[in-house]
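The values are calculated or read from the model by the stated rules, or taken from the named source; none is laboratory data. Everything quoted here is computed from the prediction, not taken from an experiment. Cβ atoms come from the backbone with ideal geometry, glycine included; neighbour counts cover every protein chain shown. Note: areas computed on protein heavy atoms with side chains; ligands, DNA, RNA excluded. Shrake-Rupley method; radii C 1.70, N 1.55, O 1.52, S 1.80 Å.
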Amino acid sequence: MAEHPGKDHLDGGWWPQTRELAVELADLVDHFPAQSGRVVRALVSPPDWDSTPRIVPVTGRYVKVGAFPRDDTHLVLLKTSDRRTLYVLVVPPGFTPAQGDEALRASAETGNDHTATEVLHEVAGHPDLDPGGHWSDDGGSWWGPEPGTPSSRTGA
């Protein structure tokens with residue numbers, strides 16, 4: 001997640017392991033950062049998932065799920081109990097570790113102004129990414145001189 005959600009185009013990224021929304025969303029909600037709020041509803045992009053259930057059981061409760069009709073923005077909008085909406089990039093499960101790390105980093109980078117689709121398109125076009133690079137929104141260049149923060153997904 002971004003350091004200051006709500007200030008940039010994307011508030012963070014999510015890299016599910018499969019296309020099974022019920023399993024993946026339950027895992028996301030159960031492990032969502034407490035400082036980001038409690039997820040109470042999710043709006044998803046249907047092409048990212050094999051099916052879109054209306055509710056998903058999570059630890060001790062349920063999360064309501066909705067879908068954008070005919071949408072392929074590769075986003076999940078997470079509504080929290082404090083009435084915020086977080087715009088989260090959904091990284092395809094088939095991405096390589098380097099691609100996934102780069103997409104997650106780009107989605108949480110301060111000052112990001114790229115759509116989820118733009119991030120994924122750019123990352124997918126570079127299968128040999130150096131995950132030590134980082135996304136920079138300084139006028140079009142997305143490789144910066146300094147490495148980004150390590151991905152929590154890989155434990156690096």
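Taking Arg41, is it within 12 Å of Lys79 (Cβ to Cβ) and among the charged types (D, E, K, R)?
Considered against the rule, which asks whether it is within 12 Å of Lys79 (Cβ to Cβ) and among the charged types (D, E, K, R), Arg41 comes out as yes.
State all residues of region 79-103 that are more than 26 Å from Ile55 (Cα to Cα) and either part of a helix (DSSP H, G or I) or of a type in the set (A, V, I, L, M, F, W, C) (or both); if no residue qualifies, say none.
Selection gives Phe95, Pro97, Ala98, Gln99, Gly100, Asp101, Glu102, Ala103.
Which members of region 73-102 meet the condition of being out of contact with any Ser or Thr (no Cβ under 8 Å at 6 or more places or on another chain), more than 15 Å from Ser45 (Cβ to Cβ) and not hydroxyl-bearing (Ser, Thr, Tyr)?
Within region 73-102, Asp82, Arg83, Arg84, Gly94, Phe95, Ala98, Gln99, Glu102 meet the criteria.
Would you please list the contacts, defined by Cβ atoms under 8 Å and residues six or more apart or on different chains, that run from a residue in region 12-39 that is assigned to a helix (DSSP H, G or I) to a residue that is open to solvent by 80 Å² or more (accessible area, probe 1.4 Å) and among the charged types (D, E, K, R)?
These pairs meet every condition: Leu21/Asp50.
Among (1) under 10 Å from the mean Cα position of the chain (by Cα); (2) without any contact (Cβ under 8 Å) to a residue 60 or more places away in the chain, where does Ala116 come up short?
Only one criterion is unmet by Ala116, namely (2).
Which of the residues belonging to region 47-78 are touching a strand residue (DSSP E or B) at 6+ places or on another chain (Cβ under 7 Å) and either open to solvent by 70 Å² or more (accessible area, probe 1.4 Å) or not in a strand (DSSP E or B) (or both)? If you could, list the steps in order and put the result at the bottom.
Step one: of region 47-78, the residues touching a strand residue (DSSP E or B) at 6+ places or on another chain (Cβ under 7 Å) are 48, 50, 52-56, 62-68, 74-78.
Result: Asp48, Asp50, Thr52, Pro53, Arg54, Ile55, Tyr62, Lys64, Phe68, His74.
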